[in-house]
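Participant: This is the structure, below, for whatever I ask next.
The values are calculated or read from the model by the stated rules, or taken from the named source; none is laboratory data. What you see is a predicted model, and the numbers here were worked out from it, not measured in a lab. When we count neighbours, we look across all protein chains shown, and the Cβ atoms used for this are built from the backbone with ideal geometry, even at glycine. When the accessible area is computed, the model is the full protein with side chains, heavy atoms only, and any ligands, DNA or RNA have been set aside. Shrake-Rupley method; radii C 1.70, N 1.55, O 1.52, S 1.80 Å.
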Amino acid sequence: MFAMASETNESPLVQELKQIAGLRVKIDEPLARYTSMKIGGPADYFIEAQSDAALASLLRLLDRHAMTFCLLGNGSNVLISDRGVRGVVIRLAGEFKKIQWAEDSERVHVTVGAAYAVTQLVREAARKGFAGLEFAEGIPGSVGGALFMNAGAYGSEFEKVVDQVQGAASQGQPICLSRGEMTFSYRDSHLPPGTIVTRVRMELYKAESVEVGSKLQELVSRRKSSQPSGYPNSGSMFRNPPGDFAGRLIEAAGLKGKRIGQSQISERHANFIVNLGGAKAADVLLLTELAQAEVRSRFGVELVLEVKLLGQWTAQ
Ligand SMILES: Cc1cc2nc3c(=O)[nH]c(=O)nc-3n(C[C@H](O)[C@H](O)[C@H](O)COP(=O)(O)OP(=O)(O)OC[C@H]3O[C@@H](n4cnc5c(N)ncnc54)[C@H](O)[C@@H]3O)c2cc1C
């Protein structure tokens, strides 16, 4: 399906995109609505791929046209430039929202599409009495984004449950990586550059659903008591430096509550930046740079962004 402002003067790229079944294409699509921070200018092309075949054809086409692309999951760990993204933003939908469970007497395998919501997966597993994913309760990402980021909380991470990753290389070739072929580290999956995660197989174990449910409840309460709610945000802006917490350092640098424009270092948790309403990406970036500079000069610690910057950040 095509949703375009104008059908006139179509470029060869647009004409070819129209020939691919299973794509939904939008031109000059504002991206703020696709992010948890509610910030971000337009993408030249915003394309939802509904199937493996559509994704592979799209990637081959973009390669032929030398068009750059980036992936967007649920947009809960990105800061998108006010100028938006030149080239193509790809989001997975359709077939990539499917889930399949398989179990034997001891083990459970779940194969989940990259566009599936992490919270939905966690709750479904808990209802079925399958344990291993409780740590991810409250992570507002997609399965693809969570895998890519090696998302984690409360002492566990996706790498602990991943069994196999399916994906597509940047020119559309299918990829299948077993757990042993992958190297994870803190908030990083080290996937080959350009890899698009399409499905993840995870291994869980059987438990009592009451047990799994009460662990979830406990983690929900812990999250509620420590994280800001009410204002749009992207979760933790910085990775925690070894042996310390980015939030503690930013707070100790006196920056809790610091505002630039409509963006603010959260008064609740200093590793969060909140959008008070109409915040600009440029202001959020300035706040992150201020936090880095203050923490560096006071404590000699280099804070590294966890949030991914997408789009065009310079005037060129
Ligand atoms: C309130 C709140 C709480 C959070 N709590 C946590 C937490 O406890 N732990 C934690 O780790 N994170 C947390 N996050 C951050 C975020 O939810 C996770 O990093 C999440 O896994 C990102 O998934 P996403 O689908 O939103 O990815 P996006 O934000 O859309 O993308 C993140 C990165 O992944 C890439 N990507 C997305 N999908 C794919 C794909 N299919 N293939 C290849 N690359 C892809 C994007 O290009 C981008 O570089 C929190 C965020 C918020 C807003």
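Participant: Grab the other residues whose beta carbon is less than 14 angstrom from that of Ala279, score K and R as +1, D and E as -1, and report the net.
Facilitator: Neighbour charge sum, excluding Ala279 itself: +2.
Participant: Let me ask another. Of Val78, Val295, Val118, which is the most mobile in a GNM of the chain whose springs link Cα atoms less than 10 angstrom apart?
Facilitator: Maximum among the listed residues: Val295.
Participant: Report, ordered by chain and residue number, the lysines lying within cross-link reach of Lys97, taken as a straight Cα distance under 29 Å and ignoring same-chain residues fewer than 8 apart.
Facilitator: Lys18, Lys26, Lys38, Lys128, Lys160, Lys206, Lys215, Lys224, Lys308
Participant: Please build a GNM for the chain, connecting alpha carbons under 10 Å apart, and tell me which residue among Ala66, Ala115, Ala151 fluctuates the most.
Facilitator: Ranking Ala66, Ala115, Ala151 by mean-square fluctuation puts Ala66 first.
Participant: Collect residues whose amide H, placed 1.01 Å from N in the peptide plane, falls under 5 Å from the amide H of Thr198; neighbours closer than 5 in sequence don't count.
Facilitator: Gln166, Gly167, Ala168
Participant: Test of understanding: express the Cα radius of gyration of the stretch 11-135 as a ratio to 2.2 N^0.38 Å, with N the residue count.
Facilitator: Cα Rg divided by the expected 2.2 N^0.38 Å: 1.25.
Participant: Let me ask something else. For the chain, report the % of Cα-Cα distances exceeding 26 Å.
Facilitator: 50
Participant: Using only Cα positions of the stretch 73-180, each an equal point scatterer, no hydration layer, compute I(q)/I(0) via Debye at q = 0.12, 0.15 Å⁻¹ and quote the log10 values to two decimals.
Facilitator: Results for the stretch 73-180 at q = 0.12, 0.15 Å⁻¹ read -0.45, -0.70.
Participant: On average, how much accessible surface per residue is there in the stretch 206-316, in Å², for a 1.4 Å probe, leaving out ligands, DNA and RNA?
Facilitator: Numbers: 5860 Å² over 111 residues.
Per residue, the stretch 206-316 has an accessible area of 53 Å².
Participant: Accessible area per residue of the stretch 7-109 at 1.4 Å probe, in Å²?
Facilitator: For the stretch 7-109, the solvent-accessible area averages 47 Å² per residue.
Participant: Work through the residues other than Phe46 whose Cβ is under 11 Å from its Cβ and net out their charges, Lys, Arg +1 and Asp, Glu -1.
Facilitator: 0
Participant: Only loop residues by DSSP count here, and only those with at most 12 other Cβ atoms within 10 Å; note down the GluC sites (Glu not before Pro) in the stretch 64-124 that meet that.
Facilitator: Loop-located and lightly packed - Glu106.
Participant: Moving to a separate point now. Helix-only mean residue ellipticity at 222 nm, the chain, DSSP H runs n ≥ 4 weighted -39,500 (n - 2.57), per residue, nearest 500. What is it?
Facilitator: Value at 222 nm, helices only: -8000 deg cm²/dmol.
Participant: Just to verify a number: FRET efficiency for Leu276 and Arg24, C-beta to C-beta distance, R0 = 30 Å, to 0.05?
Facilitator: Efficiency, rounded to the nearest 0.05: 0.40.
Participant: Quick check: residue separation of His190 and Val304 times 0.36 nm, minus the Cα distance between them. What number comes out in nm? Show your work: numbers first, answer last.
Facilitator: Details: separation 114, 0.36 × 114 = 41.04 nm, distance 1.64 nm.
Net length gain for the segment: 39.4 nm.
Participant: Please identify the trypsin sites (Lys or Arg not before Pro) of the stretch 77-174 that satisfy two criteria: DSSP loop assignment and at most 14 other Cβ atoms within 10 Å. Which are they?
Facilitator: Answer in residue order: Lys98.
Participant: Using DSSP to define loop residues, name the chymotrypsin sites (Phe, Trp or Tyr not before Pro) in the stretch 64-168 whose beta-carbon has at most 11 other beta-carbon atoms within 10 Å.
Facilitator: Working: sites: Phe69, Phe96, Trp101, Tyr116, Phe130, Phe135, Phe148, Tyr154, Phe158; in loops: Tyr116, Tyr154.
Listed in order of number, the matching sites amount to none.
Participant: Report the residue, chosen from Gly257, Gly230, Gly278, that carries the largest GNM mean-square fluctuation when the chain is represented by alpha-carbon nodes joined by springs under 10 Å.
Facilitator: Comparing Gly257, Gly230, Gly278 in the GNM, the peak value goes to Gly230.
Participant: For the stretch 61-146, with all protein chains present and a 1.4 Å probe, just round the carbon and sulfur fraction of the accessible area to a whole percent.
Facilitator: Carbon and sulfur together cover 47 percent of it.
Participant: Taking the alpha-carbon centroid of each part, what is the distance from the stretch 236-263 to the stretch 19-59 in angstrom?
Facilitator: 32
Participant: Averaging sequence separations of C-alpha pairs under 8 Å and six or more residues apart, then dividing by the length of the stretch 192-275, give the relative contact order as a whole percent.
Facilitator: 27
Participant: What order do you get for 212-222, 9-19 when each peptide is scored by the mean count of other beta carbon atoms within 10 Å, highest first?
Facilitator: Averaged packing, sorted descending, gives the order 212-222, 9-19.
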